[in-house]
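> Next up is a structure, given as structure tokens.
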Amino acid sequence: MKRSIRFLLGSVVLIILGLAAWWSLPNLVGRLPNAVQQHLPDEVRAFVSTPLPSALPAPDIIVQKTPAPGGSAVTVPLIPTLRPTETATTTLVPTHSLEQTALPSATPTPSVTPLPAQVVVDGLVIDAQGFNNCGPANLSIVLAHHGHIVDQDVIAEVVRPAYEDKNVSPIEMAAYVNDHTPLRAIPLWGGDLSLLKQLIAADFPVIIEEGLLPSEWEGWMGHYLTLYGYDDSSQTFMSMDSYLGPWDSSGRPAAYADLVENWQHFNNVLLVIYPPEREAALFTILGEARLDPVSMWQQVTQQAQTAVSNHPENAFAWFNLGSSLTHLGELTGEAAYYESAVAAFDQARTLGLPWRMLWYQFEPYAAYLENGRYQDIITLANATINSGGLFMEEAYLYRGHAMRALGKEGQANLDYARVIEINPTGQSAAEAAKAQE
């Protein structure tokens, strides 16, 4: 009898200890040194991640869309009208992540040449990415296609000198090409399948950023992919996938339908790399509207507006709408764009965003900053930093801005110092250093 009682008590104690360890695991992992956390398996980091905090919609700047007969009403943010001839002005709070790469002035007519049903660009060679290195790896693949050979690790030393940095933005990738190679690069948003096909048919392999879900356990993440072929009969693109392979450079098919869904997660962004002597041919394909930042973001905003109207339950569509409006606010200086952007971001957060979302896209920080929503910035930055984003300099930069706006100069300076520590030569570091002057 006594043995049974001791066994029962021992089992109860073990269960209690096990539950306590389970409940305290996120806190224990969070207290590990940064270098240790960064090398934990993705599954562990996913388990202890902090979900992005939700938000309530902002009904004061939400308008009701008239429903179709028999349909249900849909709420969509009010988009201020921008005159086509309006010129961009200086933003109140410029941020490196929102700066549009300067595009040469041009007035070409978009190409309307009929496309072949199948195209494959020859000669691309796969480059298996290192840790968190899909951006530099894809740059290496496309640069090599255009005759400029450079190792992905050499690229990474410039664009993400901190080994643990999770992300390189399309703007940072374009800056590397424009500043460190004889080639040129343009990042664009709001692309579609037709544009991808036109570029590939003209021998311009395209780098896109899309959402990737390796498994439910690992969770959603961002991923760069190089598209170099398409086949209308099979409804697929051919891609060089630096993460999934295959490693014989035979390419991985990407179904049109899957790409449409996953590419939307990053506002249909694409990066085109080209030799200077082919600029005229590229600009003819792109057309004037895409080459002008204000016109481009107006088009992207309308695309996002349509997506929100058709699928109001889609958090990515709302996020894209907020991002596009933020860029219009940055380009024009109009407060109404930022106000509507905040409403869209609040709706996206209400619907639920992946916990890694702000590893890659930072427009919510800028929109909240312009609207005085400083605590939202701090809350989102903390959630991102505590969920594997220990080397996300953008989170520290915007948290520093928010702390400064709240009069917390000491904390702001600590955040700015962290930005410079992570990437001393990056544009975030330049902005942090300027903020401390």
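The values are calculated or read from the model by the stated rules, or taken from the named source; none is laboratory data. Note that the structure is a prediction, hence the values are computed from the model and not measured. Note that each Cβ is placed from the backbone with ideal geometry, even for glycine, and that neighbours are counted across all protein chains shown.
> Return yes or no: is Val308 of a type outside the set (Asp, Glu) and not in a helix (DSSP H, G or I)?
So Val308 does not fit the description; no.
> Mind listing whichever residues of the stretch 315-353 are out of contact with any helix residue (DSSP H, G or I) (no Cβ under 7 Å at 6 or more places or on another chain) and more than 18 Å from Val294 (Cβ to Cβ)?
Asp346, Arg349, Thr350
> So which residues in the stretch 306-326 are touching a residue at least 60 places away in the same chain (Cβ under 8 Å) and over 24 Å from Trp355 (Cβ atoms)?
Passing the criteria: only Ser309.
> Right, next: Considering only the stretch 284-294, I want to know if a residue exists there that is in contact (Cβ under 8 Å) with a residue 24 or more places away in the chain, surrounded by 15 or more Cβ atoms within 10 Å (Cβ to Cβ), assigned to a helix (DSSP H, G or I) and among the hydroxyl-bearing types (Ser, Thr, Tyr).
Yes, that holds for at least one residue.
> Follow-up question, since we're still on this one. Return the total of residues in the stretch 355-405 being modelled with pLDDT under 95, of a type in the set (Val, Ile, Thr) and surrounded by 21 or more Cβ atoms within 10 Å (Cβ to Cβ).
Residues flagged as modelled with pLDDT under 95, of a type in the set (Val, Ile, Thr) and surrounded by 21 or more Cβ atoms within 10 Å (Cβ to Cβ) within the stretch 355-405 amount to 1.
> Within the stretch 136-164, track down each residue that is outside any helix (DSSP H, G or I) and surrounded by 23 or more Cβ atoms within 10 Å (Cβ to Cβ).
Matches in the stretch 136-164: Arg160 only.
> Taking the stretch 174-202 on its own, how many of its residues are surrounded by 17 or more Cβ atoms within 10 Å (Cβ to Cβ), closer than 13 Å to Leu143 by Cα and either touching a strand residue (DSSP E or B) at 6+ places or on another chain (Cβ under 7 Å) or assigned by TED's automatic domain parsing to the domain that holds Ala304 (or both)?
Total satisfying the criteria: 5.
> Take the stretch 155-173 and flag every residue that is acidic (Asp, Glu) and within 17 Å of Leu143 (Cα to Cα).
Glu157, Glu172
> Hey, another quick one. Do any residues in the stretch 146-173 that are among the acidic types (Asp, Glu) have Cβ atoms under 6 Å from those of residues that are buried (at least 19 other Cβ atoms within 10 Å of the Cβ) and assigned to a helix (DSSP H, G or I), where the two are at least six apart or on different chains, and which pairs are they?
Once the first residue is among the acidic types (Asp, Glu) and sits in the stretch 146-173, its partners that are buried (at least 19 other Cβ atoms within 10 Å of the Cβ) and assigned to a helix (DSSP H, G or I) give Glu172/Val159.
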